[in-house]
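Undergrad: Questions regarding the structure given below will be posed in turn.
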Amino acid sequence: MADAWRADFRRLWLGTAVSTVGNQVSLLALPLTAAVVLGAGPVEMGVLTALNRAPYLALGLVVGVWVDRIPRRTVLVAAALGLAATLGAIPTAAALGRLSLPLLYATALLAGTQIIFLEVASLAAVPMVVPPEHRPATQRDIELTMSGAQLLGPALGGALVQALTAPIAIAFDAVTYLVAALAATRLRAGRTVAARPAGRAGLLAQISEGVRLVTGERVLRAVTLATATFVFWTTAYTAILVLFLVRDVGLGAGVLGAVLACGAVGGITGAALAGPLGRRLGSGRAMATGLITGGLGAALAPLSLTVPPPAAAFVVALSQALMWGGQQAHTVHQVPVRYALCPDHLHGRVNATIRTTVWGSSTVGALLGGVLGATIGLPATLAATGVAAALAAGWIVASPARRLRSSTDLISVDTLPAMVRILLVPGLGQMLPEHWMSRWAREHPEYEPVPRDDDPGLDIDLRVAALHKAVTAADQPVVLVAHSGGCITVTEWAAQHTGPVAAALIVAPPYLDPDWDEPDPTVRLPPVNRLDPLPFPTVVVASRTDPICPYERAEEMAAAWGARLVDAGDAGHLNTAAGYGPWPAGERLLADLLDRVR
């Protein structure tokens, strides 16, 4: 029974694999129908691609609400059957001699609408079927399967186009969606809506739940923007790629299919290497590396014009392998990020928000690719859009996502408040009853003072040992809140130990003057402040009138620790003597820090 989920996952996997093979046939056959059969130019090719992506802009967010309201199995079956009927119109029209660009445009638009339902419901079904601990591995399996389908699809598409003509080859795709619909009817999970359905809230309110999570969660926002930027520019690239390879490079349909299939070889390799790459670099850096590799690899395609024809096919094949390999390595790590951070009842809306952002913006990318191809030329457009796609990694590098080791380290916003332990690290002696830290301990019994208030002095070795004991005993991520001498405890602990510390709020750190002699024998401090970078997000609050730390020294310490410095103004030592008693601003700082942990 423990592995009963695997049967449902196999059904999802089967539908995805078969329909992806068919979709790859259409991705080759549809533009070939436009370019070769109907004589479409760069602008028409851009419009065709844009119409397929445009429904995301108009309907993507609404579809997310519907997917969260309707049993996901029902959505999967209906969308797959609709796609089979829609795609079947093209070979039917070709057989009747009624094929035209307007018909291709209408098919692309309608199929794009149905694909939104299919993809959003499929993504939302995975966390309903697969337990959390298995999701990174199953996502790798999905990406490997899709890459394998992308390997088979273009080669099969090229053979079908040569044997049957491009319009008739699209009939194969229609049949694969019938198989996907049959597989979806056998799902046991997904027959009902998620555990916490949308209820009676208005449509806009329900949409905004998904939008707020994607835009408000910093890691998820950065990963989404990186993916959207990469897809924007690679869509501009792919909108004219077939035209470039047919007209400029001179590849036939069979060679074209084989060359594009090499992209899937790269995709399989990228998906297979994503795990080892993530373990070596961490998920954040692995995602950035994948985007850079994919973009720069794509930019190599125009070099095919500088070599003889046999070598030209090799250059394009290498370019496609690098582009798809990098993208798949990124995808293996980025999809589990949303699974980890999203509550179950929001998966439809969150996936719709992300895919609307990614594929909706790609509508403009497709149009831009067509316009650029017609103005600056196809080779220059391919080179420029490839380099621009590589720059998408900047979103990850400039955000907390770059420090992400694994998606399993992330915590859903629904469970974070119950799963974070706040440790209060006080300064010298006991916490006075009116001190803000004492108030926080009384108002929040779950906050744990370390060491407890029976500690007689400030022996740094004993304090560090007590803090390490509390950190290692925690079975949740830890956020440290330190004041005065407690700040020294935190920096000394970080220099000597590691543990599940997610962030720290350091308030009024004292400056240890090497020339100062402490008369109290119970106070045993290091001779100077530790200035090693802290391995967790840190906020330092410093006062301009602190009697034991000049503000300039606080600035130096915050910079050395890699911390964000908050200027508290003329606030003394931020203790009871300075009027800090109640400290609402400190509570807001802690809340903001918890948002960063999210």
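The values are calculated or read from the model by the stated rules, or taken from the named source; none is laboratory data. Note that the structure is predicted; figures quoted are calculated from it, not measured. Every residue, glycine among them, receives a Cβ derived from its backbone with ideal geometry; neighbour counts consider all protein chains shown. The protein model used for the area step is the full one, side chains on, heavy atoms only, and it has no ligands, DNA or RNA in it. Shrake-Rupley method; radii C 1.70, N 1.55, O 1.52, S 1.80 Å.
Undergrad: Please give me the summed charge of the neighbours of Phe232: other residues whose Cβ is under 15 Å from its Cβ, Lys and Arg +1, Asp and Glu -1.
TA: On the way: positive: Arg53, Arg355; negative: none.
After counting each charged neighbour, the total is +2.
Undergrad: Give me P(r) over the chain, computed from all C-alpha to C-alpha distances, binned every 20 Å, as integer percentages.
TA: So the P(r) values, bin by bin, are 19, 43, 25, 11, 1.
Undergrad: Which distance in Å, rounded to a whole number, links the C-alpha centroids of region 462-495 and region 91-123?
TA: Computed from Cα coordinates, the inter-centre distance equals 60 Å.
Undergrad: Return the distance in nm (one decimal) between the two label points of a simple spin-label model at Val528 and Leu152, each offset 7 Å from Cα along Cα→Cβ.
TA: 6.6 nm
Undergrad: Roughly speaking, what is the centre-to-centre gap between region 204-245 and region 341-395 when only Cα atoms are used, to the nearest Å?
TA: 6 Å
Undergrad: How do 49-60, 376-387, 347-358, 259-270 rank on mean C-beta neighbours within 10 Å, highest first?
TA: Numbers: 49-60: 22.8, 376-387: 19.9, 347-358: 27.1, 259-270: 24.6.
Sorting 49-60, 376-387, 347-358, 259-270 by mean packing, highest first, produces 347-358, 259-270, 49-60, 376-387.
Undergrad: For the pair Ala560/Glu587, report the inter-label distance in nm, with labels modelled 7 Å from Cα in the Cβ direction.
TA: 3.5 nm
Undergrad: Rolling a 1.4 angstrom probe over the protein heavy atoms, how many square angstrom per residue are accessible across region 54-97?
TA: Details: 1640 Å² over 44 residues.
For region 54-97, the solvent-accessible area averages 37 Å² per residue.
Undergrad: OK, next. Tell me the mean residue ellipticity at 222 nm calculated for the chain from its helices only (DSSP H runs of n ≥ 4, each -39500 (n - 2.57), averaged over every residue, nearest 500).
TA: Working: 20 runs with 388 residues, N = 598.
The helix contribution divided over the chain gives -22000 deg cm²/dmol.
Undergrad: Given the options Leu260, Val25, Gly294, identify the residue whose Cα lies farthest towards the positive end of the charge dipole of the chain (+1 on Cβ of Lys, Arg; -1 on Cβ of Asp, Glu).
TA: Val25
Undergrad: What's the ranking of 305-318, 163-176 by average number of surrounding C-beta atoms within 10 Å, highest first?
TA: Details: 305-318: 15.2, 163-176: 21.4.
Averaged packing, sorted descending, gives the order 163-176, 305-318.
Undergrad: Right, here's the next one. Mean separation of Cα pairs under 8 Å and 6+ residues apart, divided by the residue count of the chain: what relative contact order is that in percent?
TA: Details: 1157 pairs, mean separation 96.5, N = 598.
So the answer I get is 16 percent.
Undergrad: I've got another one for you. Could you give the size of the charge dipole of the chain about its Cα centre, using +1 on the Cβ of each K and R and -1 on the Cβ of each D and E, expressed in debye and rounded to the nearest 20?
TA: Values: 42 positive and 41 negative charges, 580 e Å.
Charge dipole of the chain: 2780 debye, to the nearest 20.
Undergrad: Give me the number: length gained by fully extending Val36 to Leu305, i.e. 0.36 nm times residue separation minus the C-alpha to C-alpha distance, one decimal in nm. Intermediate results must be reported in sequence, preceding the final value.
TA: Working: separation 269, 0.36 × 269 = 96.84 nm, distance 2.10 nm.
Full extension of this stretch gives 94.7 nm more.
Undergrad: Can you run the Rg to Rh ratio on region 238-388? Use alpha carbon positions and the Kirkwood inverse-distance Rh.
TA: Values: Rg = 17.0 Å, Rh = 16.5 Å.
Rg divided by Rh gives 1.03.
Undergrad: If the chain between Ala7 and Thr472 were fully stretched, how many nm would it gain, using 0.36 nm times the residue separation less the Cα-Cα distance?
TA: Details: separation 465, 0.36 × 465 = 167.40 nm, distance 3.87 nm.
Length gained between Ala7 and Thr472: 163.5 nm.
Undergrad: At 25 °C and a viscosity of 0.890 mPa s, what translational diffusion coefficient does Stokes-Einstein give for region 31-124, taking Rh as the Kirkwood radius over Cα pairs? Give it in µm²/s as a whole number. It would help to have the intermediate numbers written out before the result.
TA: Working: Rh = 14.1 Å.
Translational diffusion coefficient: 173 µm²/s.
Undergrad: So if R0 is 51 Å, what FRET efficiency would His444 and Ala137 give, r being the distance between their Cβ atoms, rounded to the nearest 0.05?
TA: Values: r = 38 Å, r/R0 = 0.74.
Efficiency, from the Cβ-Cβ distance: 0.85.
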